Amino acid sequence: MRLPGRSGSQLWGSQRQLWWGRVAEQRLSGPARQLVTVLGEYPEGLSLAQLALHARARFPRLAAARVAALAREAITAGVIVEEGGRLRTAGPAEESLDADLSQEHPSGRPLRAVIVDLESVVRTTAVEPYTDKRIYQIGAVRAGADRAWVGDAPPFTRWLELPDDEWVIVSDRIRAEHAVHAVPPAEALDALLAFADGADVVVAYNGFDADFPLLGEACDREGLQRLPGEYVDAYYLALAMWPTAPTHRLAHLAEAVGVPTSDLTWHDATADCELLCRLLAAAAAQMHNWAVPLRDLIASAAPDSPGWRLLRELAAGGLAVEQERVYRHGDVATIVHAGLTGHRPHRPVTGPNGRGALHAGANLRGADNRVAPGALAHVAYVAALRRRE
């Protein structure tokens, strides 16, 4: 999403600068930051349905389900708070911001990505949230279609010292290796920052729920900057590429789609990074075989997504070649129809994941008796909030 008007280089007031500095620190995607901008214009807050209406009035191509997903992202980052069924920004109310705040992606070369994974120890505490985590291993690999940059650094591994002997690593093998190689957390994190120098995006699997906040807290604790660049959760790419997979746990999904895993070690951060790198390569190979109109549609639907751009560049082996343009409903229908013609269904006819008929209740249907996307988005949003409680 892009807001019309002034460029990001315009001088801003100090209050706005501090607030959006905080937003940038949360590593929100560009579209999520723009949604926060819309919500910030209503200090009294909005319901999710109202926010969707206001956002779609400004960005007509924005689906209600996408608004719900972006709102969840901002809530998870602490930039939006939900109280009594209303959403409001966690910072001072803002007047309309006309600048495009999304980070500028590099032009003339492919994105440079760093894949990260963490292994940690969890300990219970007497205060909320009643658990505390500390990282004991960081793994990272470079990825992307910029082969020279990727090949310039071997895979990264660092073992981090734990605060004291009360933090216990269960595995005897891992505990022994940790005892030999562990270094102070600040030293390991500083080395990771050097390894990621020049990266445009940071990729993790289930990163927004696990790795990104944990890594950010570790950097804050040591007084170090957080990893620069936009953050990409490859879990969402996996859901989009293999929606009918029996599981989306990283190792099991990789095996299900034919990614080699026998040479990798379980519960090793660097091995998991390599596994995710291979999974992204498999997704890119699948995308490469898609019809050109479908690839163009994906590029046009998510033009500012660093995750999809990374996947498109991996599929092309260089800069993405898809053409972005405006699509009408008829254009989309034609592309989908062509893709479904002769398509063999992935799901079996029967069974828990079968193709039996789905019945939508009246609460999910609109006045025309068809399924209402906004109603589905509301159900998904409420369910997500309950899972976090």
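The values are calculated or read from the model by the stated rules, or taken from the named source; none is laboratory data. Being a predicted model, the structure only gives us computed values, none of them experimental. Cβ sites come from the backbone with ideal geometry, for glycine too, and all protein chains shown count toward neighbours.
Of the residues Gly108, Gly8, which is in a loop (DSSP other than H, G, I, E, B), at pLDDT below 80 and small (Gly, Ala, Ser)?
Values: Gly108 fails: at pLDDT below 80.
Unique residue meeting the criteria: Gly8.
Looking only at segment 243-270, count how many residues are touching a residue at least 40 places away in the same chain (Cβ under 8 Å) and crowded, with 16+ Cβ neighbours inside 10 Å. Don't jump to the end; show me each part of the working.
Residues of segment 243-270 that are touching a residue at least 40 places away in the same chain (Cβ under 8 Å), as a first pass: 244, 246, 250, 267-270.
If we keep only those that are crowded, with 16+ Cβ neighbours inside 10 Å too, we end up with 250, 268-270.
Qualifying residue count, segment 243-270: 4.
Is there a residue in segment 310-324 that is in the same structural domain as Lys133 (by TED's automatic domain parsing), of a type in the set (Asp, Glu), crowded, with 18+ Cβ neighbours inside 10 Å and at pLDDT below 95? Full working, then the answer.
Here is the first cut: in segment 310-324, the ones in the same structural domain as Lys133 (by TED's automatic domain parsing) are none.
Within segment 310-324, none of the residues are in the same structural domain as Lys133 (by TED's automatic domain parsing), of a type in the set (Asp, Glu), crowded, with 18+ Cβ neighbours inside 10 Å and at pLDDT below 95.
Can you tell me which residues in segment 111-164 are in a loop (DSSP other than H, G, I, E, B) and touching a residue at least 24 places away in the same chain (Cβ under 8 Å)?
The initial filter retains those residues of segment 111-164 that are in a loop (DSSP other than H, G, I, E, B), namely 111-112, 125-130, 144-146, 152-155, 161-164.
Result: Leu111, Arg112, Gly144, Ala145, Asp146, Ala153, Pro155, Glu161, Leu162, Pro163.
Output yes when any residue across segment 233-244 is more than 18 Å from Ala143 (Cα to Cα) and over 20 Å from the mean Cα position of the chain (by Cα), and no when none is. Talk me through it step by step, then tell me what you get.
Going residue by residue through segment 233-244, those that are more than 18 Å from Ala143 (Cα to Cα) are 239-244.
Of the ones still in play, those that are also over 20 Å from the mean Cα position of the chain (by Cα) are none.
No, the conditions are met nowhere in segment 233-244.
Kindly indicate whether Ile174 is surrounded by fewer than 18 Cβ atoms within 10 Å (Cβ to Cβ), modelled with pLDDT of 95 or more and either under 21 Å from Trp266 (Cβ atoms) or not assigned by TED's automatic domain parsing to the domain that holds Gly207 (or both).
Numbers: surrounded by fewer than 18 Cβ atoms within 10 Å (Cβ to Cβ): yes; modelled with pLDDT of 95 or more: yes; either under 21 Å from Trp266 (Cβ atoms) or not assigned by TED's automatic domain parsing to the domain that holds Gly207 (or both): yes.
In short, yes.
Got a sec? Which helices (runs of 4 or more DSSP H) wholly within segment 238-327 have at least 2 residues that are of a type in the set (A, V, I, L, M) and over 28 Å from Val349 (Cα atoms)?
Details: elements: 250-256, 269-288, 292-301, 306-316.
Where helices (runs of 4 or more DSSP H) fall fully within segment 238-327 and carry at least 2 residues being of a type in the set (A, V, I, L, M) and over 28 Å from Val349 (Cα atoms), they are 269-288, 292-301, 306-316.
Check whether at least one residue in segment 16-26 is modelled with pLDDT of 85 or more, under 16 Å from Thr89 (Cβ atoms) and assigned to a helix (DSSP H, G or I), and report yes or no. Let's see the steps before the verdict.
Start the filter on segment 16-26 by keeping residues that are modelled with pLDDT of 85 or more, which leaves none.
No, segment 16-26 contains no residue that is modelled with pLDDT of 85 or more, under 16 Å from Thr89 (Cβ atoms) and assigned to a helix (DSSP H, G or I).
Could you give me the residue pairs with C-beta distances under 9 Å whose first residue belongs to segment 72-87 and is over 15 Å from Val38 (Cα atoms) and at pLDDT 80 or above, whose second residue is of a type in the set (D, E, K, R) and in a strand (DSSP E or B) wherever it lies, and which are 6+ apart or on separate chains?
Glu82/Arg88
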